[in-house]
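The values are calculated or read from the model by the stated rules, or taken from the named source; none is laboratory data. Fair warning: this is a prediction, and the values are worked out from it, not measured in the lab. Cβ sites come from the backbone with ideal geometry, for glycine too, and all protein chains shown count toward neighbours.
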Amino acid sequence: MLLAVDAGNTNVVFAVHDGREWRGRWRIATEAQRTSDEYAVWLLALMQHAGLRPAEISRAVIGTVVPAALYNLRRLCRDWFDVEPLVARSTLDWGFAIMVERPQEVGADRLLNALAAHHHYGGPLVVIDFGTATTFDVVDREGNYQGGVIAPGINLSIEALHKAAARLPRIGIGRPQAAIGRDTVSAMQSGIFWGYVGLIEGIVGRIRAEAEMPGMKVVATGGLAPLLAEGTSVIERVDPDITLEGLRLLAARNPVPISGRDAT
């Protein structure tokens, strides 16, 4: 079985794939200094509850945008599952060209999203990921990564608004009943929700005009993707597992790393 680890700025997601389907998914808050033993105590208990044993894990793959977390995630794989993890980097065999000036700067999550989205939906397409940042990644018909857009994430914007304006409360994101808010909270919810819908529609429109790729599809992922998709017809499909699928596909394309060394 494959252990896939998707370490983002907010959460780390662990998942196990048995070759046919995902057998379990578990999420924990990202803390760069969390030790491999702390991960193990938490993860092994959840795996046991799902009827999975550490000895069944034969491969591991890690995608992270938090470099400081990598050491302990790698140690987790080595010490508790006895496998050398494949680490998602631009130097691996992705099966497509990374057509940007500095491929090493592209976040692993963005390349993983591009890989899985093209595999499942074909191209050309835009992948929108509603994470700590909101990213838009462009993939051409052949699957090549063309670049994209990075905007502040929705929760970052909410927190910044609350902290910078003394009288504005911290709010939750939701779809407002009307665009015109009749109190402070509903006005803020309207600004956040419809503001991001406008951002989505505006950026996708500009990408489509600039890329000149007829038939460009739009796929969204991330926790807030279903909510934002309700507000716009631009998002054609929501896929919550797209980054994990990218990890699975990347592991299938690349050999098992040599013990104690990174894959190159």
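List pairs: first in region 163-181 and within 13 Å of GLY195 (Cα to Cα), second part of a loop (DSSP other than H, G, I, E, B) and not aromatic (Phe, Trp, Tyr), Cβ under 8 Å, 6+ apart or cross-chain? Taking only residues 6 or more apart or on different chains, the pairs are ILE173/LEU224; ARG175/GLU230; ARG175/GLY231.
Given the criteria at pLDDT 95 or above, buried (at least 17 other Cβ atoms within 10 Å of the Cβ), over 30 Å from TYR145 (Cα atoms) and in contact with a Cys (Cβ under 9 Å, 6 or more places away or on another chain), does ILE62 qualify? No, not satisfied. The listed residues are GLY181, GLY191, and the only one of them that is part of a loop (DSSP other than H, G, I, E, B) and not acidic (Asp, Glu) turns out to be GLY181.
Screening the candidates THR184, THR221, THR243 for the property of being β-branched (Val, Ile, Thr), out of contact with any Leu (no Cβ under 6 Å at 6 or more places or on another chain) and closer than 30 Å to SER58 by Cβ yields one hit, THR221.
Among what's in region 3-15 and is crowded, with 22+ Cβ neighbours inside 10 Å and of a type in the set (A, V, I, L, M), pick the residue that is farthest from the chain's Cα centre (by Cα). Out of the qualifying residues, it is LEU3. Counting only residues that are free of Cβ contacts under 8 Å to residues at least 24 places away in the same chain and surrounded by fewer than 16 Cβ atoms within 10 Å (Cβ to Cβ), which one in region 225-248 is farthest from LEU111 (Cα to Cα)? Applying the filter and picking the extreme gives SER233. Scanning region 145-194 for residues that are exposed (fewer than 12 other Cβ atoms within 10 Å of the Cβ) and of a type outside the set (A, V, I, L, M, F, W, C) returns LYS163, ARG167, PRO169, ARG170, GLY172, GLN177, ARG182, ASP183. When we screen VAL204, VAL149, VAL256, VAL197 for residues that are outside any helix (DSSP H, G or I), outside the structural domain of GLY8 (by TED's automatic domain parsing) and either in contact with a His (Cβ under 6 Å, 6 or more places away or on another chain) or under 25 Å from PHE136 (Cβ atoms) (or both), the only hit is VAL149. For region 1-27, the set of residues classified as in contact with a helix residue (DSSP H, G or I) (Cβ under 6 Å, 6 or more places away or on another chain) and farther than 17 Å from PRO54 by Cβ consists of ASP6, ALA7, listed by residue number. Just one of the listed residues (ALA45, ALA114, ALA68, ALA55) is of a type outside the set (Val, Ile, Thr) and touching a Phe, Trp or Tyr at 6+ places or on another chain (Cβ under 7 Å), and it is ALA114. Among the residues making up region 207-250, those that are more than 13 Å from the chain's Cα centre (by Cα), not hydrophobic (A, V, I, L, M, F, W, C) and not in a strand (DSSP E or B) are ARG208, GLU210, GLU212, PRO214, GLY215, PRO226, GLU230, GLY231, THR232, SER233, GLU236, ARG248. Can you find a residue that is out of contact with any strand residue (DSSP E or B) (no Cβ under 6 Å at 6 or more places or on another chain), within 21 Å of THR232 (Cβ to Cβ), surrounded by fewer than 22 Cβ atoms within 10 Å (Cβ to Cβ) and without any contact (Cβ under 8 Å) to a residue 60 or more places away in the chain anywhere in region 134-144? No, because not a single residue in region 134-144 is out of contact with any strand residue (DSSP E or B) (no Cβ under 6 Å at 6 or more places or on another chain), within 21 Å of THR232 (Cβ to Cβ), surrounded by fewer than 22 Cβ atoms within 10 Å (Cβ to Cβ) and without any contact (Cβ under 8 Å) to a residue 60 or more places away in the chain.
Can you find even one residue in region 93-110 that is under 15 Å from ALA220 (Cβ atoms) and either assigned by TED's automatic domain parsing to the domain that holds GLY8 or surrounded by 15 or more Cβ atoms within 10 Å (Cβ to Cβ) (or both)? Within region 93-110, one or more residues are under 15 Å from ALA220 (Cβ atoms) and either assigned by TED's automatic domain parsing to the domain that holds GLY8 or surrounded by 15 or more Cβ atoms within 10 Å (Cβ to Cβ) (or both).
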